[in-house]
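K.L.:
Pasting a structure below so you can have a look.
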Amino acid sequence: MITAADSDTAFARANDFYQRGMLDEAEMVCESLLTKAPRHAHGLHLLAFIRSRQGRHDDAALLMKKVVKQRPGNAEALYHMGNFLLAQGKREEALASYDRALAINPRLADAHMNRGNALLELGRIDDAIACYDQALAVDPGHMRARSNRYTCYLKQLRDIEFTAAEGQVVARANLGEINAAQPATGITAFRLKHDLEQCAWLMATGRRFDGIEQVHAVLQSLHARHAAAPAGNGAGDTIALAGAEEVDAVNCFRNALLIGAPSAPIEHFLNPDNDWADIERCYLAGRPEIVYIDNFLSPEALAAFREFCMVSTFWKTEYANQYLGTFFDTGFISPLQMEIGLDLQRRMPGIFGGQTLEETWAFKYDSAMDKGIGIHADFAKVNLNFWLTPDEANLDPTCGGLMVYDVPSPADYNAHAEKTYTFLKEHGAKAVTVPYRCNRAVLFNSALFHETDTIRFKEGYENRRINVTYLFGKVLQLDAR
């Protein structure tokens, strides 16, 4: 028999381990407590959290069901049980648990939000939006609910101006959270090169963000110091920041979110001179489904999209292969992008009609790289890639584009590059190589393996290769890379 005081002490010790991330120690103390006091509700609750953090969601849900049985009127326990059920993929059961929680306490903003997440996974986007709206009615500052609602609007390409504005609010919140959690202590050489080039280009073209002159001066100094280093001054090096001035300048650029916007209205987004019905027929008849489209955007849309990507400081994500990325939740969203998506649905309804926009991103590369994005498949129905940098920047017109293999990824595929190449060889796969051309789009079944071809572009900010990706159509999401 264990006294109440001893059980409370044991629980406090287990909770302390849990809060410090020491899951094994927390588990051991919690299990010992529950051996002596098997109905200790707080202990059961904590052990459920531990199991969930360990990825054992089935166990977490079973433990939380015991808590709910003891405390059927506890809204928090019902809410957490819904979360564990949702993590198991039991969406309908999760909805029932959230409903029970909200019947007891309708002001649980997180329960409204996660109920929306369950509905979104079921494809009930309008119902999900209603849940996010309810979460925001309870807590107007609930950024996760606002972000998820924005994602739903973007998927449906609806309310263009509102959605684009919401995207910028969400992006600023995300950047602030990321940068607060990971303050800058260094900067990679390839990012330094890009950020220095972009600052210089922005000032030369009359654009500004607050503090740009000071940022530019500090980045110049960092670049000179790195270039003068006697050894180890490769593009992948991380340069340590020395002093508050350098830290402040790098953090200033990390937090800056200057967004370019078209200077004039655009009448046509996709090029109206293309025979879109014929392109659609060729794609649907292809085995595998892959076509490339020259003169993809109208001249006005191409110029506007390129300007958008040149001006905007949303290139926040770094990759080991020394390129930068931007995504719809970190600033890469504009009415222009959404209008292009709607135009795709209008002009090629057999491919894009009724499909949600699942992802959109862009990558920007250094001038000379052996490889960009490695071999992979994206789990959507349709993949659209297009390129924005002028052809004069490309030093080798035979490459710089995309290689798409004619063998699709199996549904349960989960392997690294070496195994992928072995898989393709075993299946006799052949690569369709599409050389780089400005304003060329490659449209293909997203299950096909693909990778960036060798990149050899001229030096200079305006010569950096930029590619844009849209993924349409939801399929089962797998950990496939």
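K.L.:
Taking the stretch 316-327 as the search range and keeping residues that are at pLDDT 95 or above and of a type in the set (A, V, I, L, M, F, W, C), which one is surrounded by the most Cβ atoms within 10 Å (Cβ to Cβ)?
P.N.:
This residue is L324.
K.L.:
If you don't mind, another one. Kindly establish whether G341 is within 22 Å of W201 (Cβ to Cβ) and either touching a residue at least 12 places away in the same chain (Cβ under 8 Å) or surrounded by 21 or more Cβ atoms within 10 Å (Cβ to Cβ) (or both). Steps first, please.
P.N.:
Working: within 22 Å of W201 (Cβ to Cβ): no; either touching a residue at least 12 places away in the same chain (Cβ under 8 Å) or surrounded by 21 or more Cβ atoms within 10 Å (Cβ to Cβ) (or both): yes.
No; evaluated as a whole, the condition is false for this residue.
K.L.:
Tell me which residues, restricted to the stretch 63-86, are within 23 Å of A130 (Cβ to Cβ) and small (G, A, S).
P.N.:
Across the stretch 63-86, the qualifying residues are A75, G82.
K.L.:
Are any residues in the stretch 409-444 among the polar types (S, T, N, Q), closer than 28 Å to I279 by Cα and crowded, with 18+ Cβ neighbours inside 10 Å, and if so, which ones? Step through it out loud before you land on a result.
P.N.:
As a first pass, look at the stretch 409-444 and keep what is among the polar types (S, T, N, Q): 409, 414, 420, 422, 433, 439.
Restricting the remaining residues to those that are closer than 28 Å to I279 by Cα gives 409, 433, 439.
S409, N439, listed by residue number.
K.L.:
Evaluate the following for L157: is it farther than 30 Å from M338 by Cβ and either of a type in the set (A, V, I, L, M, F, W, C) or touching a residue at least 24 places away in the same chain (Cβ under 8 Å) (or both)? Show your work before the answer.
P.N.:
On the way: farther than 30 Å from M338 by Cβ: no; either of a type in the set (A, V, I, L, M, F, W, C) or touching a residue at least 24 places away in the same chain (Cβ under 8 Å) (or both): yes.
For L157, the condition - farther than 30 Å from M338 by Cβ and either of a type in the set (A, V, I, L, M, F, W, C) or touching a residue at least 24 places away in the same chain (Cβ under 8 Å) (or both) - is not met.
K.L.:
Name the one entry in Q70, Q168, Q134, Q88 that is under 23 Å from I259 (Cβ atoms), outside the structural domain of R346 (by TED's automatic domain parsing) and not aliphatic (A, V, I, L, M). Break it down into steps so the answer makes sense when it comes.
P.N.:
Numbers: Q70 fails: under 23 Å from I259 (Cβ atoms); Q134 fails: under 23 Å from I259 (Cβ atoms); Q88 fails: under 23 Å from I259 (Cβ atoms).
Only one candidate passes the filter, namely Q168.
K.L.:
In the stretch 346-383, how many are surrounded by fewer than 17 Cβ atoms within 10 Å (Cβ to Cβ) and over 26 Å from E318 (Cα atoms)?
P.N.:
Total satisfying the criteria: 5.
K.L.:
Test A256 against the stated conditions and say whether it is buried (at least 16 other Cβ atoms within 10 Å of the Cβ) and free of Cβ contacts under 8 Å to residues at least 12 places away in the same chain.
P.N.:
Values: buried (at least 16 other Cβ atoms within 10 Å of the Cβ): yes; free of Cβ contacts under 8 Å to residues at least 12 places away in the same chain: no.
Judged against the criteria, A256 is not a match.
The values are calculated or read from the model by the stated rules, or taken from the named source; none is laboratory data. In this text, all values refer to a predicted model and were calculated from it rather than measured experimentally. Note that each Cβ is placed from the backbone with ideal geometry, even for glycine, and that neighbours are counted across all protein chains shown.
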